[in-house]
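Written out below as structure tokens is the structure these notes cover.
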Amino acid sequence: MTAPYDFARESYASLGVDTEAVLSTLAQVAISLHCWQGDDVGGFENADGELGGGLAVTGNYLGKARTLAELRQDLDQALKLIPGTHRLNLHAIYGDFGGETVDRDAIEVSHFQSWIDWCRERKMGMDFNPTCFGHEKADDGLTLSHPDTSVRDFWIEHCKRSREIGRAMGQQLGSPTVTNVWIPDGMKDLPADRLSYRARLEESLNTVFAEDIPASEHLDAVESKLFGIGSESFVVGSHEFYLGYAIKKQKVLCLDAGHFHPTESIADKISSVLLSVPHLLLHVSRGVRWDSDHVVLLDDPTKAIMQELVRCNALPKTHIGLDFFDASINRIAAWVIGTRAAQKALLQALLEPAEQLKQAELSGDYTTRLALFEQAKAMPWSAVWEEFCQRQGTPGEAAWLKEVKSYESNVLSQR
Ligand code: RNT
Ligand code: ZN
């Protein structure tokens with residue numbers, strides 16, 4: 001134990017906060033690390049196609065992972081610099097296809113077995129996503145809501161298979177996999193018939209989710225969006241659509257921090273939606289002016305999300321995933337900065353003087369409530385963070401970057 005931590009522990013104790021309990025809670029929260037930051041959402045299909053779906057990755061930083069082996073090597077490097085034990089979030093295009101061309105409607109568990117084994121060795125759970133973009137059958141921006149039955153069926157088959165793969169991951173690793181359906185469906189310009197697209201999406205989802213899978217193995221999540229590049233006027237899977245669907249079917253609702261109006265915060269939605277859906281999936285991201293998927297930082301929106309999770313006692317019902325992709329900086333640093341920022345925000349939330357705040361609020365003493373919020377910001381939380389890193393055998397804030405830099409010169413720059 002370090003002197004700064006001893007001081008911090010005493011300071012927090014005087015506010016009624018037990019830092020030891022906080023450290024053990026923080027160590028239990030797994031963050032789902034998205035594989036797609038490692039190669040700009042490229043994946044390992046043979047096709048050299050466009051990303052599509054309105055998703056955009058900008059930048060050309062050296063050392064992008066080109067193969068499965070490189071991506072795993074990079075993930076291992078990032079994991080060494082992120083305290084705690086986490087999960088891996090894979091997209092369907094990241095299968096171990098062994099040089100074969102495997103179309104989306106033909107993916108099988110076998111293509112993901114080496115990833116499952118890789119995660120098992122690292123004691124990590126896994127999450128999964130069908131990839132409904134970057135494919136000729138999604139080039140017109142429509143998948144599960146497509147008016148053409150054969151196109152719709154193709155994507156239904158892909159999503160069903162993704163679900164089976166997710167289930168196998170959950171079964172084998174003994175921790176339920178969340179398989180998240182996000183589709184790009186929408187229109188650049190004004191639609192004449194919104195309802196039919198939404199009705200078809202609902203029907204397609206019902207077919208995809210027809211088979212019951214125990215929650216101990218697998219959970220289905222659905223992710224909405226406000227607009228995207230190429231779907232500025234109409235997004236079939238809007239927030240209202242999926243909120244209704246998730247409540248009706250008791251599915252996991254995915255809230256992506258970049259998928260709402262820039263002044264709208266997903267933090268405020270947590271306490272509402274958790275009254276009606278069983279679980280939440282978060283895509284912690286950072287939109288800058290739009291859904292730009294910038295690296296997560298220890299900023300106010302991220303802090304607000306974590307505060308709500310703690311204040312609502314929602315951690316057991318929430319799956320925290322990350323969703324950003326930046327190719328303009330070292331990709332491993334992006335993972336490390338973003339994941340550690342999410343953890344630091346969570347730590348700060350756990351360190352809140354919750355009891356005193358609640359008491360002040362209940363007694364109508366909003367002056368004390370506001371003063372306590374400000375006092376909490378001035379508390380020595382960073383000493384608790386450094387202690388956490390040290391106990392987890394991970395470099396502290398001032399130490400991890402030089403490891404990324406040496407990995408960059410020894411490994412990335414040789415690619
Ligand atoms: C897109 C969604 C979706 C993707 C990933 C790659 O706007 O946020 O979650 O970012 O599936
Ligand atoms: Zn997302």
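The values are calculated or read from the model by the stated rules, or taken from the named source; none is laboratory data. As the structure is a computational prediction, the values presented were derived from the model and not from experiment. Methodologically, a virtual Cβ is constructed for each residue, glycine included, from the backbone with ideal geometry; neighbour enumeration extends over all protein chains shown. Accessible surface areas use protein heavy atoms only, side chains included; no ligands, DNA or RNA. Shrake-Rupley method; radii C 1.70, N 1.55, O 1.52, S 1.80 Å.
A few points about this structure:
- Two-site FRET efficiency, D48 against F373, from Cβ-Cβ distance with R₀ of 51 Å, rounded to 0.05: 0.50
- Pairwise centroid distance, computed over Cα atoms, of the stretch 112-158 with the stretch 333-398, Å: 37
- Computed 3J(HN,Hα) for the stretch 93-102, one whole-Hz value per residue from the Karplus formula 6.51 cos²θ - 1.76 cosθ + 1.60 where θ = phi - 60°, is 6, 9, x, 8, 8, x, x, 7, 8, 10, glycine and proline marked x.
- Relative contact order for the chain, counting Cα pairs under 8 Å that sit 6 or more residues apart, in percent: 20
- The H on the amide N of R87, modeled in the peptide plane, is under 5 Å from the matching H of I31, S32, L33, each at least 5 residues off or on a different chain.
- Here the calculated FRET efficiency for D300 and L362, from their Cβ-Cβ distance with R0 = 25 Å, stands at 0.50, rounded to the nearest 0.05.
- Counting heavy atoms of the protein chains alone, T25 has an accessible area of about 50 Å² for a 1.4 Å probe.
- With protein chains left intact and a 1.4 Å probe, residues in the stretch 117-241 average 41 Å² of accessible area per residue.
- Share, in percent, of DSSP beta bridges within the chain that are antiparallel, nearest 5: 10
- A crude spin-label estimate for the pair K317 and D18, with each label 7 Å from Cα along the Cβ direction, gives 2.4 nm.
- Computed extension gain for D153 through E108, at 0.36 nm per residue and net of the alpha carbon distance, reaches 14.5 nm.
- Accessible surface of the chain [probe 1.4 Å, protein heavy atoms]: carbon and sulfur percent: 51
- What you get for the chain, charging only the Cβ of Lys and Arg (+1) and of Asp and Glu (-1), is a dipole of about 700 debye around the Cα centre.
- Probe 1.4 Å, accessible area per residue of the stretch 345-415, Å²: 56
- FRET efficiency estimate (nearest 0.05) - Cβ-Cβ, A192 to D117, R0 56 angstrom: 0.65
- With DNA, RNA and ligands ignored, accessible area of R391 (1.4 Å probe; Å², nearest 10): 110
- Contour minus Cα-Cα distance for D6 and A30 (0.36 nm per residue): 6.0 nm
- For the residue pairs K64/K344; K225/K251; K160/K251; K64/K160, the C-alpha atoms sit more than 21 angstrom apart in K64/K344; K64/K160.
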